[in-house]
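Presented below is the structure to which this report refers.
The values are calculated or read from the model by the stated rules, or taken from the named source; none is laboratory data. Since the structure is predicted, the reported quantities are computational estimates derived from the model, not experimental observations. For neighbour counting, all protein chains shown are included, and Cβ atoms are generated from backbone atoms with ideal geometry for every residue, glycine included. Protein only, heavy atoms only, side chains kept; ligands, DNA and RNA dropped before computing areas. Shrake-Rupley method; radii C 1.70, N 1.55, O 1.52, S 1.80 Å.
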Amino acid sequence: MKQVVQNYKSGELAVLDVPVPGCKPGGVLVRTAYSLISTGTELMKVSEAGMSMLGKARSRPDQVAKVMQSVATNGVPATYRKVMGKLDSYTPLGYSLCGVVEQVGTGIDDVKVGDLVACAGNEHALHAELNWVPRNLYTPVPDGLAPRHAAFGTVGSIAMQGVRQGEPQLGEVALVIGLGLIGQLVAQLLTASGVRVVGVDPDPVRCELAERLGAAACGDPASAAVEAAVAELTDGHGVDQVYLAAGGGSSNQPVELAARLCRDRGRVVDIGKCRLDLPWNAYYEKELDVRFSRSYGPGRYDPEYELEGRDYPIGYVRWTERRNLACFLDLLARDRVDVEPLVSHVADFDDAVETYRSLKDGELKAVAVLFRYPEARAEAEAPAVAVPTVNVKPSPARSARTPVRLAFIGAGNYATSMLLPHLAGREGVELSTVVTTTALSAANAQRKFGFAEATTDLDAVLGDKSVDAVFVVTRHSSHAELTRRALLAGKAVFVEKPLALTEDELADVLAAVEESGNDRLQVGFNRRFAPLLQEARKRFGARTGPASLRYLVNAGRLQHGSWYLQQGTEGSRFAGEGGHFIDTASWLLEADPESVYAVATSGGEDLQVVLRYPDGSTATISYVTTGAPGFPKETLDLVADGKVLRLDDFVRATVHGRKRWVSSRLPKARDKGQNAELAAFVKAVRTGGPMPVPLESLVATTSATLAVRAGLAGGAPVTLARAL
C-alpha cells in the first residue's frame with residue numbers, strides 16, 4: 001500500500017510503498033476514503049524538517065536537552081547512532097480521516113466490515129491507503145454525512161475540546177484569535193452554542209469566511225474595528241473568553257491582545273501553539289484564568305485508553321476523545337457546523353508530495369485540504385501459513401559459505417541503534433525479513449539496513465523455512481509468547497531481555513523447548529560480552545574464596561509517557577531491565593544464584609537486591625531511580641582474595657591486587673558488548689555450536705529476576721529451585 005512520509009533529516013517528502021498493517025485485536029483495519037491535511041500542525045512539521053540541523057536544534061530545545069543527557073549516560077557514538085537513526089527515518093503525516101472498515105479485529109462488536117468510520121490519531125489516522133485504528137480512536141459516521149466532511153472529525157474534536165475548556169454560556173461574547181482551520185471551527189462551535197464571536201486574523205479572506213459562517217465581526221488584529229466591535233457587543237466590559245488558535249511564531253501579540261480585550265476575570269484558552277510570554281501586570285490586574293486545551297479530549301496520551309480500549313465512565317468523564325469525535329460528527333450531520341466552505345482544495349492522494357510543496361511555498365492558499373483516495377478495490381487474500389509445532393531441531397552444522405538468514409520481529413529504537421548497525425553488512429549475514437505491527441517502521445528498517453523484505457505478517461516469517469534465526473525485539477509483554485512460537489517453528493532465537501515477565505511465561509518457553517527439541521535460545525544479556533569487562537575479569541584472574549560484588553545502577557527517572565511505566569502490561573521496571581545486572585554478576589562469579597533477597601525504599605522506587613551463590617559469594621545490586629542524572633549509570637566492584645575489580649560505567653576499569661592494572665580511558669565510547677554478543681550468536685547459528693550462554697544460565701537469571709517481586713512481597717529470602 002502507499003503512505004505519505006517525510007524524512008526529518010533531509011526534509012524529503014514521498015509517497016512510499018509500505019507493508020499493509022495487520023488487523024490486531026481491539027481495533028479495525030480501515031481503507032481510507034478521504035484524509036485531511038492539518039494546514040497548521042503538519043505544515044509546521046514539514047517546515048521544521050526543511051531546516052538546517054542548527055535550525056532544528058533551535059526549534060526543539062527540549063530534544064536537545066534529551067540528547068545531551070543521553071551523551072552523558074551512553075556516550076557520543078551510541079547517542080549519535082540513536083539520534084541520526086531517528087532523524088534519518090521516514091515519519092508519518094496525518095491524523096484525521098474517514099474510511100471504510102475492511103477488517104474487524106477480535107473484541108470489536110460496534111462496527112462491521114463495510115461500515116463508514118471517522119478515525120483519529122497521529123499514529124493511526126495517517127495519510128495512508130490502509131490504517132489500523134484502535135477502538136477508542138474511531139466512531140461510526142452518521143447516515144447521510146459525506147465522507148469528505150467526516151474526515152474533519154479529529155480537527156473538529158480539537159476545536160470542540162478547546163471550546164469545552166472555555167465553558168461558554170448562552171449570550172456570552174468570545175474572541176477567537178487566529179482564523180485558520182481550528183479557529184474557523186471554534187468560531188462555528190461557539191456560534192452554535194449561542195455565543196457571539198469576534199474573530200481576529202491578518203488575512204481578510206479568512207475574516208470574510210468566518211463572518212459568512214456566523215461570526216459577528218472579524219478583522220485585522222491591529223485594526224481599531226476589532227476593539228470597537230468588542231466594545232459594542234460587551235457594553236465596554238470586554239469578552240468573556242478568548243481562544244488562542246494562532247499558529248507558531250515569535251510574536252507575542254496574541255496574548256497581549258487577549259489581555260486587552262478580555263473582561264475582568266475572563267478566561268483565556270490556548271489551543272494553538274503560539275508564544276505565551278504573558279504580560280504579568282495585565283493578566284494579574286484582571287485576574288485572568290489561563291487554560292490549556294490538550295488535543296482532542298480526555299484519553300489523549302493515555303495508552304490504556306487509546307491503545308487498550310479502556311473507556312472512562314461517562315458519569316466521571318462526560319466528554320472523552322471518542323465522544324468528542326462522535327459529537328462533532330453529529331453536529332455536522334445536523335448542519336449545525338458547515339465544513340464545506342472551508343475546503344480550499346481536494347487533491348488526489350498520488351499528488352500528495354506536490355500538494356505539500358505548494359502549501360509550503362505559498363502557491364496554494366488554503367484553510368483545509370483533503371486527499372481523495374482511489375475507490376476501495378478487492379485485493380487477493382494472502383495465503384495463510386500455519387506455524388509449525390513439530391519437533392524441529394536446527395541442523396547442527398552449516399557450510400561456512402552459507403549466509404545466516406536473520407529475521408527481526410520489531411524495529412524500535414534499541415533494534416535500530418544497538419543491534420542492526422552491527423549486523424547490516426556483516427560478512428556471512430543476510431537480513432531476510434523485518435516484521436512490525438506498523439507498516440512504516442518495517443519500511444524504514446528495510447530501507448536503512450537492507451532487509452530483503454518488510455511485512456506485518458508474523459506467521460509468514462515463522463513459516464519461512466529459509467530463515468535461520470529470529471530476533472525478538474518488541475515490548476516486554478510479548479517476548480515470551482513470540483519466543484515460544486519461534487522455538488516451535490524451529491528457529492534459533494535471540495530475544496531481548498526480559499525472556500519472561502512471569503513464572504508461567506517462563507514455563508511456557510521451557511515447554512516449547514521440550515516439545516520441539518529446540519534449545520537454540522539467546523537472551524540479550526550483552527554486558528558479559530563487553531570487551532572492557534572481559535579484559536578486567538581476565539586481569540582479576542581466578543579466585544579461591546567467596547567474593548563480594550556490589551553493582552550500583554543509577555537508572556534515573558523515566559520520562560512521562562514511557563511505556564516502561566505501564567506496569568500492568570509490561571511488568572515492573574526491574575523485571576524488564578534487572579536481568580542485565582544479575583547476569584553480569586553471575587558471569588563474574590561463575591555461578592547461578594541460589595537465593596534472592598530484596599527490599600525497597602518507601603514507595604518502591606529504589607531496590608536493594610542481594611543474591612547468594614553456592615560458594616558463599618554474594619552480589620548486591622542497588623537499582624535506584626532517585627540519583628543525580630549526571631552520575632554514571634553503572635558502577636561495579638568485585639572483591640575477593642585480596643583483590644578488587646572496579647568498573648566505571650564501561651568507560652574505565654581497574655584491578656587492584658599484587659599489581660595494579662588500569663585500562664586506557666575511552667571517553668567517547670561505551671562498548672557494552674552488543675557487537676561481540678551478536679558475533680557469538682551468529683557464529684553459533686552458522687556452526688551449530690553451543691549458544692553463547694547456556695540455557696540453564698538464562699533460565700536461572702530470569703528466575704532470579706522474577707523472584708525479586710516475590711521477595712518484596714514476602715519480606716524474606718526466596719530460594720531458587722532449578723528449572724532445568
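Tell me yes or no: at least one residue of the stretch 176-195 is open to solvent by 10 Å² or more (accessible area, probe 1.4 Å), part of a helix (DSSP H, G or I) and without any contact (Cβ under 8 Å) to a residue 40 or more places away in the chain.
Yes.
What's the number of the only condition in (1) open to solvent by less than 10 Å² (accessible area, probe 1.4 Å); (2) at pLDDT 95 or above that V473 fails to meet?
(1)
Conditions tested, residue by residue: (1) of a type outside the set (S, T, N, Q); (2) more than 22 Å from E577 (Cα to Cα); (3) open to solvent by less than 10 Å² (accessible area, probe 1.4 Å).
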| position | (1), (2), (3) |
| --- | --- |
| S478 | no, no, no |
| L482 | yes, no, no |
| R485 | yes, yes, no |
| F494 | yes, no, yes |
| A512 | yes, yes, yes |
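Do you know which residues across the stretch 196-218 are of a type in the set (G, A, S), surrounded by fewer than 21 Cβ atoms within 10 Å (Cβ to Cβ) and assigned to a strand (DSSP E or B)?
A217
May I ask you to say which residue of R336, R300 is assigned to a loop (DSSP other than H, G, I, E, B), under 29 Å from L209 (Cβ atoms), of a type outside the set (V, I, T) and open to solvent by 40 Å² or more (accessible area, probe 1.4 Å)?
R336
Cβ-Cβ under 9 Å, sequence separation 6+ or interchain: first residue in the stretch 225-245 and at positive phi, partner open to solvent by 20 Å² or more (accessible area, probe 1.4 Å) and not small (G, A, S). Which pairs?
As it stands, the answer is G238/R260; G238/R263; G238/D264; G238/K286, since those pairs meet every condition given.
If you scan the stretch 434-476, which residues turn out to be without any contact (Cβ under 8 Å) to a residue 60 or more places away in the chain, within 20 Å of E496 (Cα to Cα) and in a strand (DSSP E or B)?
Selection gives V434, V435.
Consider A159 carefully, then state whether it is open to solvent by 10 Å² or more (accessible area, probe 1.4 Å), at pLDDT 95 or above and closer than 18 Å to C327 by Cβ.
When the stated conditions are applied, A159 does not pass them.
Return the only residue of T456, T402, T389 being modelled with pLDDT under 95, open to solvent by 10 Å² or more (accessible area, probe 1.4 Å), closer than 29 Å to L130 by Cβ and among the polar types (S, T, N, Q).
T456
Among the residues of the stretch 558-578, which ones are touching a strand residue (DSSP E or B) at 6+ places or on another chain (Cβ under 7 Å) and either free of Cβ contacts under 8 Å to residues at least 12 places away in the same chain or of a type outside the set (A, V, I, L, M, F, W, C) (or both)?
Across the stretch 558-578, the qualifying residue is only G578.
How many of the residues making up the stretch 567-598 are assigned to a loop (DSSP other than H, G, I, E, B) and within 18 Å of V708 (Cα to Cα)?
Qualifying residue count, the stretch 567-598: 5.
Is it true that G315 is more than 20 Å from L185 (Cβ to Cβ), more than 28 Å from the chain's Cα centre (by Cα) and open to solvent by 70 Å² or more (accessible area, probe 1.4 Å)?
Answer is yes for this residue.
Among the residues of the stretch 671-702, count how many are farther than 26 Å from E503 by Cβ, among the polar types (S, T, N, Q) and crowded, with 20+ Cβ neighbours inside 10 Å.
Here the count works out to 1.
Under 6 Å by Cβ, and 6 or more places apart or on different chains, what pairs join a residue from the stretch 345-372 that is farther than 18 Å from I182 by Cα with one that is open to solvent by 10 Å² or more (accessible area, probe 1.4 Å) and in a loop (DSSP other than H, G, I, E, B)?
Qualifying pairs under 6 Å: F349/Y373; S358/L364.
Could you tell me whether A224 is open to solvent by 40 Å² or more (accessible area, probe 1.4 Å), modelled with pLDDT of 95 or more and more than 22 Å from G162 (Cα to Cα)?
It is false that A224 is open to solvent by 40 Å² or more (accessible area, probe 1.4 Å), modelled with pLDDT of 95 or more and more than 22 Å from G162 (Cα to Cα).
Suppose the filter is outside any strand (DSSP E or B) and farther than 20 Å from S223 by Cα; does L257 pass it?
no
From (1) touching a strand residue (DSSP E or B) at 6+ places or on another chain (Cβ under 9 Å); (2) among the hydrophobic types (A, V, I, L, M, F, W, C); (3) at pLDDT below 95, pick out the condition that doesn't hold for L533.
(3)
Quick one: would you say D330 is under 28 Å from D143 (Cβ atoms) and assigned to a loop (DSSP other than H, G, I, E, B)?
no
Looking at the structure I just gave you, is R539 touching a strand residue (DSSP E or B) at 6+ places or on another chain (Cβ under 6 Å) and not in a helix (DSSP H, G or I)?
Judged against the criteria, R539 is not a match.
Any idea which of (1) open to solvent by 20 Å² or more (accessible area, probe 1.4 Å); (2) in contact with a Gly (Cβ under 9 Å, 6 or more places away or on another chain) is the one A598 doesn't satisfy?
(1)
Just checking, which of Y564, Y613 is more than 19 Å from T635 (Cα to Cα) and surrounded by fewer than 20 Cβ atoms within 10 Å (Cβ to Cβ)?
None of the others qualify; the one that does is Y564.
Kindly list the number of the only condition in (1) more than 29 Å from the chain's Cα centre (by Cα); (2) of a type outside the set (A, V, I, L, M, F, W, C); (3) open to solvent by 20 Å² or more (accessible area, probe 1.4 Å) that fails for G630.
Going through the list (1) more than 29 Å from the chain's Cα centre (by Cα); (2) of a type outside the set (A, V, I, L, M, F, W, C); (3) open to solvent by 20 Å² or more (accessible area, probe 1.4 Å), G630 breaks only (1).
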